[in-house]
1. Taking segment 71-82 as the region of interest, how many residues are surrounded by 14 or more Cβ atoms within 10 Å (Cβ to Cβ) and assigned to a loop (DSSP other than H, G, I, E, B)?
2. I need a count of the residues in segment 59-70 that are crowded, with 17+ Cβ neighbours inside 10 Å and closer than 14 Å to residue 119 by Cβ.
3. Residue by residue through segment 54-82, note down the ones that are free of Cβ contacts under 8 Å to residues at least 24 places away in the same chain and among the hydrophobic types (A, V, I, L, M, F, W, C).
4. If I ask for residues that are outside any helix (DSSP H, G or I) and either modelled with pLDDT under 95 or surrounded by fewer than 19 Cβ atoms within 10 Å (Cβ to Cβ) (or both), which ones from segment 35-58 would you list?
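The values are calculated or read from the model by the stated rules, or taken from the named source; none is laboratory data. Because the structure is a prediction, the values reported are computed rather than measured. Note that we place each Cβ from the backbone using ideal geometry, even for glycine, and neighbour counts take in every protein chain shown.
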Amino acid sequence: MAMSLRGLHPEVRDRAELALSWADYYGIPVRVTSAFRSLEHQRKLRARFENCVAEGRFPSSPGCEFPANRPGDSGHNYGMAWDSVTPPEWQPAWDYLREYAGFRVPSNDQIHAEVPDWRRYV
């Protein structure tokens with residue numbers, strides 16, 4: 001669990017680990033897919049997202065399901081956000097647990113969890 005959260009701010013990582021431990025306790029299958037991202041990695045994700053939008057494939061095509069902010073405008077670039085996936089039937093419970101642990105989960109990007117108002121801290 002901790003390796004997948006590498007690069008998160010220590011307090012953010014602690015809260016993410018808490019949410020993951022609750023998920024484990026309740027039998028919610030969760031896989032962490034992203035935590036800290038370099039600006040270069042964010043650039044690549046943003047370019048893919050923009051291509052998907054330009055081609056009309058966002059959000060329905062594989063590889064085009066999720067938005068990506070501009071480099072420097074993502075909590076991932078500062079260790080303030082992380083992504084995870086769970087089967088659709090578990091999504092409402094997983095959203096609730098992450099929010100209960102103190103994260104904001106955008107309705108248009110449910111894999112994403114971020115510190116509310118994270119920009120105030122960077």
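1. Qualifying residue count for the region: 4.
2. Matching residues across segment 59-70 total 1.
3. 54, 58, 64
4. Taking segment 35-58 as the starting set, the residues that turn out to be outside any helix (DSSP H, G or I) are 35-38, 55-58.
Answer for segment 35-58, where residues must be outside any helix (DSSP H, G or I) and either modelled with pLDDT under 95 or surrounded by fewer than 19 Cβ atoms within 10 Å (Cβ to Cβ) (or both): 38, 55, 56, 57, 58.
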